[in-house]
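Each remark here refers to the structure printed beneath this line.
The values are calculated or read from the model by the stated rules, or taken from the named source; none is laboratory data. Since we're looking at a predicted model, the values are computed, not measured. We place every Cβ from the backbone using ideal geometry, glycine too, and count neighbours over all the protein chains shown.
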Amino acid sequence: MRPLAGVRVLDFSTLLPGPMATLLLAEAGAEVIKVERPGGEEMRGYAPQWGDVSATFALLNCGKKSIVADLKDPAARERMCALAVTSDVLVEQFRPGVMDRLGLGYESLRKLNPTLVYCAITGYGQTGPRRNRAGHDLNYIGDAGLLALSSGTPGHRTLPPGLMADIAGGSYPAVMNILLALRQRDTTGEGSFIDVSMTDSLFAFTFAALAQGNVTGVWPKDGGERLTGGSPRYHMYETRDGAVAAVAALEQKFWIAFTQAIGLEAEYSDDRRDPARTIARVAEIIASRSAGEWSTVFDEADCCCSIMQDLRAATNDPQFAARKLFARKLANARGDTIPALPVPIANDFRKRLDALAAAPTPGAHNAEFGFAPVSG
């Protein structure tokens, strides 16, 4: 039996933060009931289309059930309240106050189900002057000061490679706090309201910068600190054939191993003297040989250095194949399969490796929960 078997989750969220969170809960055994608007969630239309469903939607919503309901309809809201009575967890992602206006807010539902764990995911939280401001990932990491730690150079600004606020600031804190709330409910018998602010959660990523600024009064420079480009020990260097060497030789023993492996002259090895000068010299050396040559050197030196690989190469990497990271399969209505999304749930807590997963069609489970069938 999986850890969350028997836990029912009513999911009103869309796009990424909430659906990723409820995917993790579903992978651990929860019954997740996805509530969609008439016509289905917007992400169902996202490219690339894979058969009759968006591939991104399928990756994030496989293994869930789907209800299509018009929440402006009083009868649908009444039925939704009844469903909330039988649910353990509710996840929503509307702006503050929307669920209250629909009669589905926490205070209303807790009267019907005092044990309900109610998780609201928003950009800025339920309180504060920005509580109702629209935003996306880039806005949240910008407001939290995280983007300013490494945003590129004037005229060449760099976008982050991942949606940090959505996943690390929204999905993961939601799951963590839902599990904590369920554990607390085991002790107290009472549910709780969880206010997840994606922006608030991002400050954990700035721990080193906060320590420096609060203690010394010298706040980090954009791209100029130890982990953001100011140190030759934690840097990216181009090889002769245009590949990128990811150097992370932070500790002294790894730095020594690295400098010896590449043949860095002694006058540059003490990187405290002039970090920029050392960076320039290391760049010259790395640019003198190919990625393949450096890969062999780095493997032998064991110095926390590697050659950057693209996503396609990463999915075929022997390391991840050995760990069966992409072994689980996702199916569509035509019977086509692609690898399911790897998620940070231990294999022992997830469904069988050979079990195919699929995303539900819009309203596929309306009848099961007493909602009107989807027309057309």
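Looking at this structure, is Phe298 outside any loop (DSSP other than H, G, I, E, B), farther than 24 Å from Gly224 by Cα and not assigned by TED's automatic domain parsing to the domain that holds Gly152? For Phe298, the condition - outside any loop (DSSP other than H, G, I, E, B), farther than 24 Å from Gly224 by Cα and not assigned by TED's automatic domain parsing to the domain that holds Gly152 - is met.
For the structure I just gave you, tell me whether Ala144 is modelled with pLDDT of 95 or more, touching a Leu at 6+ places or on another chain (Cβ under 7 Å), hydrophobic (A, V, I, L, M, F, W, C) and buried (at least 17 other Cβ atoms within 10 Å of the Cβ). Break it down stepwise before answering.
Numbers: modelled with pLDDT of 95 or more: yes; touching a Leu at 6+ places or on another chain (Cβ under 7 Å): yes; hydrophobic (A, V, I, L, M, F, W, C): yes; buried (at least 17 other Cβ atoms within 10 Å of the Cβ): yes.
In short, yes.
Would you confirm whether any residue within region 62-69 is farther than 27 Å from Arg350 by Cα and in contact with a helix residue (DSSP H, G or I) (Cβ under 9 Å, 6 or more places away or on another chain)? Yes, region 62-69 contains at least one residue that is farther than 27 Å from Arg350 by Cα and in contact with a helix residue (DSSP H, G or I) (Cβ under 9 Å, 6 or more places away or on another chain).
Thr188 meets all of the listed conditions (1) surrounded by 14 or more Cβ atoms within 10 Å (Cβ to Cβ); (2) out of contact with any Ser or Thr (no Cβ under 6 Å at 6 or more places or on another chain); (3) under 21 Å from Tyr106 (Cα atoms) but one, namely (1).
In region 320-345, the residue that is farthest from the chain's Cα centre (by Cα) out of those that are over 17 Å from Gly63 (Cα atoms) and among the hydrophobic types (A, V, I, L, M, F, W, C) is Ala322.
Looking at this structure, is Gly97 over 20 Å from Arg185 (Cβ atoms), within 24 Å of the chain's Cα centre (by Cα) and not acidic (Asp, Glu)?
Working: over 20 Å from Arg185 (Cβ atoms): yes; within 24 Å of the chain's Cα centre (by Cα): no; not acidic (Asp, Glu): yes.
So Gly97 fails the test.
When Arg281, Arg277, Arg289 are checked against the criterion of being basic (Lys, Arg) and in contact (Cβ under 8 Å) with a residue 24 or more places away in the chain, Arg289 stands alone in meeting it.
Table: residues versus (1) among the charged types (D, E, K, R); (2) within 30 Å of Gly145 (Cα to Cα); (3) in contact with a strand residue (DSSP E or B) (Cβ under 9 Å, 6 or more places away or on another chain); (4) part of a loop (DSSP other than H, G, I, E, B).
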{"site": "Pro232", "(1), (2), (3), (4)": "no, yes, yes, yes"}
{"site": "Phe258", "(1), (2), (3), (4)": "no, no, yes, no"}
{"site": "Ala261", "(1), (2), (3), (4)": "no, no, yes, no"}
{"site": "Glu293", "(1), (2), (3), (4)": "yes, no, no, no"}
{"site": "Lys324", "(1), (2), (3), (4)": "yes, no, no, yes"}
{"site": "Ala333", "(1), (2), (3), (4)": "no, no, yes, yes"}
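In region 20-58, the qualifying residues are those that are free of Cβ contacts under 8 Å to residues at least 60 places away in the same chain and assigned to a helix (DSSP H, G or I), and the one that is nearest to the chain's Cα centre (by Cα) is Thr56.
Filtering Val53, Val68 for residues that are among the aliphatic types (A, V, I, L, M) and at pLDDT below 95 leaves a single hit, Val53.
Check Pro160, Pro173, Pro129 and return the single one that is in a loop (DSSP other than H, G, I, E, B) and either surrounded by 14 or more Cβ atoms within 10 Å (Cβ to Cβ) or of a type in the set (Gly, Ala, Ser) (or both). Reasoning before the result, please.
On the way: Pro173 fails: in a loop (DSSP other than H, G, I, E, B); Pro129 fails: either surrounded by 14 or more Cβ atoms within 10 Å (Cβ to Cβ) or of a type in the set (Gly, Ala, Ser) (or both).
Selected residue: Pro160, the only one of Pro160, Pro173, Pro129 that is in a loop (DSSP other than H, G, I, E, B) and either surrounded by 14 or more Cβ atoms within 10 Å (Cβ to Cβ) or of a type in the set (Gly, Ala, Ser) (or both).
The residue that is modelled with the highest pLDDT, among those in region 217-241 that are within 25 Å of the chain's Cα centre (by Cα) and among the hydroxyl-bearing types (Ser, Thr, Tyr), is Tyr234.
Can you pull out every residue in region 298-319 that is touching a residue at least 12 places away in the same chain (Cβ under 8 Å) and under 20 Å from the mean Cα position of the chain (by Cα)? Of everything in region 298-319, just one residue is touching a residue at least 12 places away in the same chain (Cβ under 8 Å) and under 20 Å from the mean Cα position of the chain (by Cα), namely Thr315. Filtered by the rule that a residue be without any contact (Cβ under 8 Å) to a residue 12 or more places away in the chain and closer than 17 Å to Met236 by Cα, region 252-268 gives a lone residue, Thr259. Only a single criterion out of (1) out of contact with any Pro (no Cβ under 9 Å at 6 or more places or on another chain); (2) surrounded by 16 or more Cβ atoms within 10 Å (Cβ to Cβ); (3) not in a loop (DSSP other than H, G, I, E, B) is not satisfied by Glu225, namely (3).
From Leu112, Leu149, which residue is surrounded by 14 or more Cβ atoms within 10 Å (Cβ to Cβ) and touching a residue at least 12 places away in the same chain (Cβ under 8 Å)?
On the way: Leu112 fails: surrounded by 14 or more Cβ atoms within 10 Å (Cβ to Cβ).
So the residue among Leu112, Leu149 that is surrounded by 14 or more Cβ atoms within 10 Å (Cβ to Cβ) and touching a residue at least 12 places away in the same chain (Cβ under 8 Å) is Leu149.
So which of Pro342, Pro362, Pro373 ends up being closer than 30 Å to Leu83 by Cβ, free of Cβ contacts under 8 Å to residues at least 60 places away in the same chain and either of a type in the set (Gly, Ala, Ser) or not in a helix (DSSP H, G or I) (or both)? Show your work before the answer.
Values: Pro342 fails: closer than 30 Å to Leu83 by Cβ; Pro362 fails: free of Cβ contacts under 8 Å to residues at least 60 places away in the same chain.
Being closer than 30 Å to Leu83 by Cβ, free of Cβ contacts under 8 Å to residues at least 60 places away in the same chain and either of a type in the set (Gly, Ala, Ser) or not in a helix (DSSP H, G or I) (or both) holds for just one of Pro342, Pro362, Pro373, which is Pro373.
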